[in-house]
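Participant: Here it is, the structure in full.
The values are calculated or read from the model by the stated rules, or taken from the named source; none is laboratory data. Predicted model, so just to flag it, every value in this text is computed and none were measured. Here the Cβ positions follow ideal geometry from the backbone for every residue, glycine too, while neighbour counts run over all protein chains shown. SASA here: full protein model, heavy atoms, side chains in, ligands and nucleic acids out. Shrake-Rupley method; radii C 1.70, N 1.55, O 1.52, S 1.80 Å.
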Amino acid sequence: MTQQAVPAVTSPPASGPKERDGRTVQRSLVVRLLARPEVGVFLGAVAVFVFFFAMAPTFRSGSAMATVLYQSSTIGIMALPVALLMIGGEFDLSAGVSVITSALTAAMVSFQLTMNVWVGVVVALVVSLAIGAFNGWMMVRTGLPSFLVTLGTFLGLQGINLAVTKLVTGNVATDDISDMDGFNQAKAVFSSSFTIGGVQFKITVLWWLLFAALATWVLLRTKYGNWIFAVGGNKDSARAVGVPVKFTKISLFMLVGFGAWFVGMHQLFAFNTVQSGEGVGQELIYIAAAVIGGCLLTGGYGSAIGPVFGAFMFGMVSQGIVYAGWNPDWFKAFLGVMLLGATLINLWVQKSATRR
């Protein structure tokens, strides 16, 4: 009879203190929350709100908050596509003057050609998207930094806005289009108001929140959102795994063009006319709102909600200073402090997010 070998039984090693791999260390809930790009600016917005709520009694009224939200929405609508572009690793210095280019195009096409204002609106949309496509195509084609490409576009549009307006209208502003066909319908879309609890709000507030929700969904729930983060983090690695880098970059610039078109249409139908020299410097406001909202200049990091709170902070500061009876010249000083503080916070957040 053959005997079967019985496997030796070995006792398990004595359990001792396990070394924890840094990659599996569970960070506290507070640290994980602070690592979110929008949490820092949310806390900052709360602090600014409490400050002006205490310092300026007028700030506490419903009408004052409606004004703050309106001011925030006109910045926030543009800050959203600018933020997406920054997450994608680029930024657009022509965003401010592109708003005016869009408004001037719609006004002059409608008035000078005596056409329905909706024709001017559609032509302005095509022009705005073309400007964005040109910026994106020039950047990916030449390999030049977006700073240089869009700086050239900024200077070019600034001159074109003024020169063409003078050539066509004989003035530095467009003609009043309030009595033209389609004006009331377009105004209802871009610049109407609605009332809640006896307080009148601008429709741009609703558009702002709608665009923010849409941008958040795109970033977090779609393949295109993954592409944006990928090209902003490392475009070479993104290309290696099949991400269409050129398409993503160009389409992001076109999204900025769309935002410029929408804000331009609001300005046109809110004031019936447009000054050709406006818009200069607004691009810095949009970029600052995105940076304060948690977007990094290096790309690959950020959210759509953060710039919403960033724009809200701008609205609160710009109006809160007035309601507090202070010199409005201090606004730029507050802006500089907020921007520097947000940059330092974002740097700390980035280190916390990558800490093991």
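Participant: Please work out if V97 is in contact with a Leu (Cβ under 6 Å, 6 or more places away or on another chain), crowded, with 24+ Cβ neighbours inside 10 Å and touching a residue at least 40 places away in the same chain (Cβ under 8 Å). It would help to see each step written out before you state the result.
Facilitator: Numbers: in contact with a Leu (Cβ under 6 Å, 6 or more places away or on another chain): yes; crowded, with 24+ Cβ neighbours inside 10 Å: yes; touching a residue at least 40 places away in the same chain (Cβ under 8 Å): yes.
Spelling it out, V97 is indeed in contact with a Leu (Cβ under 6 Å, 6 or more places away or on another chain), crowded, with 24+ Cβ neighbours inside 10 Å and touching a residue at least 40 places away in the same chain (Cβ under 8 Å).
Participant: Right, here's the next one. List every residue pair whose Cβ atoms lie under 7 Å apart, where the two residues are 6 or more positions apart in sequence or sit on different chains, the first residue falls within region 59-87 and is under 18 Å from A260 (Cα atoms) and touching a residue at least 12 places away in the same chain (Cβ under 8 Å), and the second residue, located anywhere, is of a type in the set (S, T, N, Q) and part of a helix (DSSP H, G or I).
Facilitator: From residues that are under 18 Å from A260 (Cα atoms) and touching a residue at least 12 places away in the same chain (Cβ under 8 Å), the pairs are Y70/T204; Q71/S318; Q71/Q319; S73/T204; T74/T204; I77/T204.
The rows are residues; the columns are (1) small (G, A, S); (2) more than 18 Å from V231 (Cα to Cα).
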| residue | (1), (2) |
| --- | --- |
| M115 | no, yes |
| W118 | no, yes |
| L129 | no, yes |
| G132 | yes, no |
| G136 | yes, no |
| L144 | no, no |
| F147 | no, no |
| G152 | yes, yes |
| G159 | yes, yes |
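Participant: So which residues in region 130-156 are in contact (Cβ under 8 Å) with a residue 40 or more places away in the chain, open to solvent by 30 Å² or more (accessible area, probe 1.4 Å) and over 23 Å from T105 (Cα atoms)?
Facilitator: Passing the criteria: V140, F147.
Participant: Can you spot a residue in region 219-228 that is β-branched (V, I, T) and surrounded by fewer than 18 Cβ atoms within 10 Å (Cβ to Cβ)?
Facilitator: yes
Participant: Please identify the pairs in which a residue from region 165-191 that is over 13 Å from A103 (Cβ atoms) has its Cβ atom under 9 Å from the Cβ atom of a residue that is exposed (fewer than 15 other Cβ atoms within 10 Å of the Cβ) and among the charged types (D, E, K, R), counting only partners at least 6 apart or on another chain.
Facilitator: As it stands, the answer is V172/K166, since those pairs meet every condition given.
Participant: Filter region 198-218 down to the residues that are in a loop (DSSP other than H, G, I, E, B) and buried (at least 20 other Cβ atoms within 10 Å of the Cβ) and list them by number. So that I can check it myself, show each step before the final result.
Facilitator: Taking region 198-218 and keeping what is in a loop (DSSP other than H, G, I, E, B), we get 198.
Listed by number, the list is empty, since nothing qualifies.
Participant: Let me spell it out: the conditions are (1) more than 25 Å from I160 (Cα to Cα); (2) open to solvent by less than 10 Å² (accessible area, probe 1.4 Å), and V82 meets all of them except one. Which number is the exception?
Facilitator: (1)
Participant: Of everything in region 101-119 that's touching a Ser or Thr at 6+ places or on another chain (Cβ under 9 Å) and open to solvent by 10 Å² or more (accessible area, probe 1.4 Å), which residue is farthest from N184 (Cα to Cα)?
Facilitator: For region 101-119, the residue satisfying everything is T101.
Participant: While we're here: Are there any pairs, at least 6 apart or on different chains, whose C-beta atoms fall under 6 Å, with the first in region 37-51 and within 11 Å of V317 (Cβ to Cβ) and the second part of a helix (DSSP H, G or I) and open to solvent by 20 Å² or more (accessible area, probe 1.4 Å), and if so, which?
Facilitator: Hits for this filter: A45/F309; A45/F312.
Participant: Please determine, by comparing only the residues of region 165-197 that are small (G, A, S) and exposed (fewer than 12 other Cβ atoms within 10 Å of the Cβ), which one is modelled with the lowest pLDDT.
Facilitator: Going through region 165-197, the residues small (G, A, S) turn out to be 170, 173, 178, 182, 186, 188, 191-193, 197.
Narrowing the set further to residues that are exposed (fewer than 12 other Cβ atoms within 10 Å of the Cβ) leaves 170, 197.
Values: G170: 89, G197: 86.
Within region 165-197, the match that is modelled with the lowest pLDDT is G197.
Here is a yes/no grid of residues against (1) among the β-branched types (V, I, T); (2) under 16 Å from the mean Cα position of the chain (by Cα); (3) assigned to a helix (DSSP H, G or I):
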position: V256; (1), (2), (3): yes, yes, yes
position: V263; (1), (2), (3): yes, yes, yes
position: L268; (1), (2), (3): no, no, yes
position: I287; (1), (2), (3): yes, yes, yes
position: L296; (1), (2), (3): no, yes, no
position: G302; (1), (2), (3): no, yes, no
position: A311; (1), (2), (3): no, yes, yes
position: F314; (1), (2), (3): no, yes, yes
position: S318; (1), (2), (3): no, no, yes
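Participant: Select, from A54, A64, A133, A83, the only residue that is over 24 Å from the mean Cα position of the chain (by Cα), more than 19 Å from F190 (Cβ to Cβ), part of a helix (DSSP H, G or I) and aliphatic (A, V, I, L, M).
Facilitator: From the options A54, A64, A133, A83, the qualifying one is A54.
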